[in-house]
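Trainee: Dumping the structure here so I can ask a few things about it.
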Amino acid sequence: MKNNNSYKVFIVAGEESGDLHASKLVQHIKKYNQHIEFYGHGGDRMEKEGVQIIEHINKLAIVGFIEVIKHLPFMMSVMGKTINWIKENKPERIILVDYPGFNLRLAKESKRLGIPVTYFILPQVWAWKEKRVSILRDNVDQCLSIIPFEQEWFEKRNVKTSFIGHPFIELKYPNSSLDFYKKHDLDPNDKILSIFPGSRQQEVKQHLSILIKTIEKIMLDIPNLNVILGKAPGVTIDNIPNFIKIERENPQLALQYGNAALVASGTATLESAVLDIPIVTFYRFSSLTWLLAKNMSNVKYACIVNLIANKMIVPEFIQNNMTVNNLATAIIPLLNNTSSRKNMLLGYDQVRRTLGIPGVYDRGAQEIIKRLPI
């Protein structure tokens with residue numbers, strides 16, 4: 001490889017989880033080649049790794065069909081700016097991380113411009129909009145999957161795919177919990193319920209009021225319950241009752257040290273399985289988005305843990321089923337040493353065994369390095 005020359009790589013992540021994974025991927029790529037200049041759309045973590053950020057994820061994290069339509073002029077402007085940058089700078093490769101609404105369109109434009117594309121963390125086209133698989137087949141020359149069943153699914157549809165393992169298999173555990181307990185004025189023997197209303201402001205708006213009412217109901221049965229909210233970066237939490245404490249610096253700690261958790265459907269549910277924390281998951285869309293979404297989904301489950309296991313391990317309450325009674329009834333047994341808790345932990349063990357072995361970002365970096373021009 002021509003290490004004496006510099007390469008330009010354009011990388012796109014559109015939300016917090018993508019920023020995390022992209023930053024670690026960049027970090028590992030740089031171990032193998034220090035002569036790569038990274039540009040793209042992302043967040044603070046990517047910027048810390050030396051990526052020159054063009055558009056920040058604070059403006060890009062949009063959820064739901066109707067919400068996307070509202071922001072369409074802005075997103076079209078970002079797409080135009082992105083295409084112009086690619087035309088002017090001619091990067092050797094484009095790396096797309098999740099964020100399918102934007103990135104699949106960019107993949108088509110990149111193909112038209114003759115720039116090869118790596119897609120890391122593939123769009124969940126097996127869940128809805130399966131026709132989009134043709135975009136990957138026709139426009140992406142390297143697909144790197146992190147979900148165990150995806151490689152077989154995509155390759156049956158003639159999309160060559162490499163399963164490199166799931167990044168959560170490499171979660172790092174803090175050495176001591178004492179700082180966490182001291183920070184939140186807790187005792188290690190306290191019973192802790194963690195809540196994760198979502199990583200986007202729209203999700204927090206949809207979920208938080210129901211979660212607060214659920215906690216009030218649970219505390220009628222468990223009056224000494226401690227509640228910790230894991231706050232995602234970039235979201236604002238307003239008017240929170242004083243019986244809820246907030247973990248701002250490291251939300252993962254709230255998950256790790258909880259006895260059980262209420263978690264918005266998303267990647268944090270799989271993180272819970274890796275950390276062995278029993279959860280109940282939920283999600284509410286805006287009414288118009290839900291009308292569209294429920295007719296487009298073609299999977300049995302909303303929770304990625306259940307999808308990987310191909311059976312119901314985690315209780316999930318979506319849209320109108322996300323009620324105070326449903327959430328409280330499902331989570332209370334998980335706070336205690338019950339058969340429900342034990343069965344969920346057994347299911348987690350089965351899921352973890354499918355996630356691969358540590359070294360995910362390193363394997364991804366090596367695969368990408370192989371595709372850079374010699």
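Trainee: Name the one entry in GLY18, GLY42 that is buried (at least 18 other Cβ atoms within 10 Å of the Cβ) and touching a His at 6+ places or on another chain (Cβ under 9 Å).
Mentor: Working: GLY18 fails: touching a His at 6+ places or on another chain (Cβ under 9 Å).
Going through GLY18, GLY42 in turn, just one is buried (at least 18 other Cβ atoms within 10 Å of the Cβ) and touching a His at 6+ places or on another chain (Cβ under 9 Å): GLY42.
Trainee: Need at least 2 residues that are in the same structural domain as THR338 (by TED's automatic domain parsing), of a type in the set (A, V, I, L, M, F, W, C) and within 20 Å of the chain's Cα centre (by Cα) per element, so show me which strands (runs of 3 or more DSSP E) inside region 172-261 make the cut, counting only ones lying wholly within it.
Mentor: Working: elements: 192-196, 226-230, 244-247.
Once the strands (runs of 3 or more DSSP E) in region 172-261 are filtered for at least 2 residues that are in the same structural domain as THR338 (by TED's automatic domain parsing), of a type in the set (A, V, I, L, M, F, W, C) and within 20 Å of the chain's Cα centre (by Cα), what remains is 192-196.
Trainee: Next up: Could you tell me which residue of region 1-20 is farthest from the chain's Cα centre (by Cα), considering only residues that are under 30 Å from GLN202 (Cα atoms) and modelled with pLDDT of 95 or more? Lay out the reasoning, then the answer.
Mentor: Step one: filter region 1-20 for residues under 30 Å from GLN202 (Cα atoms), giving 10-20.
Filter again for modelled with pLDDT of 95 or more, leaving 10-13.
Working: PHE10: 21, ILE11: 17, VAL12: 14, ALA13: 11 Å.
Looking at the filtered set, the residue picked out is PHE10.
Trainee: Going residue by residue through region 305-312, is there one that turns out to be in contact with a Gly (Cβ under 7 Å, 6 or more places away or on another chain), more than 26 Å from VAL117 (Cβ to Cβ) and among the small types (Gly, Ala, Ser)?
Mentor: The first filter runs over region 305-312 and keeps only residues in contact with a Gly (Cβ under 7 Å, 6 or more places away or on another chain), leaving 309.
Still in the list and also more than 26 Å from VAL117 (Cβ to Cβ): 309.
When the remaining residues are screened for being among the small types (Gly, Ala, Ser), the result is 309.
Scanning region 305-312, I find at least one residue that is in contact with a Gly (Cβ under 7 Å, 6 or more places away or on another chain), more than 26 Å from VAL117 (Cβ to Cβ) and among the small types (Gly, Ala, Ser), so the answer is yes.
Trainee: Can you tell me which residue among ILE86, ILE53 is at pLDDT 80 or above, assigned to a helix (DSSP H, G or I) and within 25 Å of LEU25 (Cβ to Cβ)?
Mentor: Values: ILE53 fails: assigned to a helix (DSSP H, G or I).
Exactly one residue qualifies, and that residue is ILE86.
For (1) surrounded by fewer than 14 Cβ atoms within 10 Å (Cβ to Cβ); (2) over 27 Å from LYS160 (Cα atoms), each residue gets a yes or a no:
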{"site": "MET322", "(1), (2)": "no, yes"}
{"site": "PRO333", "(1), (2)": "no, yes"}
{"site": "THR338", "(1), (2)": "yes, yes"}
{"site": "GLY356", "(1), (2)": "no, no"}
{"site": "LEU372", "(1), (2)": "no, no"}
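Trainee: While we're on this one: I'd like the full set of residues that are of a type in the set (A, V, I, L, M) and in a helix (DSSP H, G or I), limited to region 333-367.
Mentor: Here is the first cut: in region 333-367, the residues of a type in the set (A, V, I, L, M) are 334-335, 344-346, 351, 355, 357, 360, 365.
Result: LEU334, LEU335, MET344, LEU345, LEU346, VAL351, VAL360, ALA365.
Trainee: Inspect all residues belonging to region 279-289 and state whether any of them is assigned by TED's automatic domain parsing to the domain that holds VAL204, at pLDDT 90 or above and aliphatic (A, V, I, L, M).
Mentor: Restricting attention to region 279-289, the residues satisfying the condition of being assigned by TED's automatic domain parsing to the domain that holds VAL204 are 279-289.
Restricting the remaining residues to those that are at pLDDT 90 or above gives 279-284.
Imposing the further condition that a residue be aliphatic (A, V, I, L, M) reduces the set to 279-280.
Yes.
Trainee: So TRP126 passes all but one of these: (1) crowded, with 19+ Cβ neighbours inside 10 Å; (2) within 25 Å of LEU20 (Cα to Cα). Which condition number does it fail?
Mentor: (1)
Trainee: Suppose we filter ILE135, ILE115, ILE195, ILE164 for residues that are within 20 Å of ASN306 (Cα to Cα) and crowded, with 17+ Cβ neighbours inside 10 Å; which single one remains? Break it down stepwise before answering.
Mentor: Details: ILE135 fails: within 20 Å of ASN306 (Cα to Cα); ILE115 fails: within 20 Å of ASN306 (Cα to Cα); ILE164 fails: within 20 Å of ASN306 (Cα to Cα).
Just a single option satisfies the conditions, and that option is ILE195.
Trainee: Among the residues of region 297-313, are any of a type outside the set (A, V, I, L, M, F, W, C), in the same structural domain as GLN201 (by TED's automatic domain parsing) and modelled with pLDDT of 95 or more? Explain how you work it out, then say what you get.
Mentor: In the first step, residues of region 297-313 are kept if they are of a type outside the set (A, V, I, L, M, F, W, C); the result is 297-298, 300-301, 306, 310-311.
Restricting the remaining residues to those that are in the same structural domain as GLN201 (by TED's automatic domain parsing) gives 297-298, 300-301, 306, 310-311.
Remaining after also requiring modelled with pLDDT of 95 or more: 306, 311.
For region 297-313, residues of a type outside the set (A, V, I, L, M, F, W, C), in the same structural domain as GLN201 (by TED's automatic domain parsing) and modelled with pLDDT of 95 or more: present.
Trainee: Quick check on region 91-101. Is at least one of its residues assigned to a strand (DSSP E or B) and of a type in the set (Gly, Ala, Ser)? Walk me through it before giving the result.
Mentor: Keep residues of region 91-101 that are assigned to a strand (DSSP E or B), which gives 93-97.
If we keep only those that are of a type in the set (Gly, Ala, Ser) too, we end up with none.
No, region 91-101 has no match at all.
Trainee: Can you pull out every residue in region 89-118 that is acidic (Asp, Glu) and at pLDDT 95 or above? Break it down stepwise before answering.
Mentor: Our first condition is that a residue be acidic (Asp, Glu); within region 89-118, this holds for 92, 98, 109.
Listed by number, the residues that qualify are GLU92, GLU109.
Trainee: Among GLU55, GLU16, GLU109, which is charged (D, E, K, R) and touching a Ser or Thr at 6+ places or on another chain (Cβ under 6 Å)?
Mentor: Values: GLU55 fails: touching a Ser or Thr at 6+ places or on another chain (Cβ under 6 Å); GLU109 fails: touching a Ser or Thr at 6+ places or on another chain (Cβ under 6 Å).
One residue alone meets the criteria, GLU16.
Trainee: Something else now. Any idea how many residues of region 319-330 are modelled with pLDDT under 95 and either within 14 Å of SER265 (Cβ to Cβ) or in contact with a His (Cβ under 9 Å, 6 or more places away or on another chain) (or both)? First the steps, then the outcome.
Mentor: If we filter region 319-330 for residues that are modelled with pLDDT under 95, which is where we start, we get 319-320.
Next cut, either within 14 Å of SER265 (Cβ to Cβ) or in contact with a His (Cβ under 9 Å, 6 or more places away or on another chain) (or both) only: 319.
So the count comes out to 1.
The values are calculated or read from the model by the stated rules, or taken from the named source; none is laboratory data. Because the structure is predicted, anything quoted here is derived from the model rather than measured. Glycine also receives a Cβ, built like all others from the backbone with ideal geometry; neighbour counts cover every protein chain displayed.
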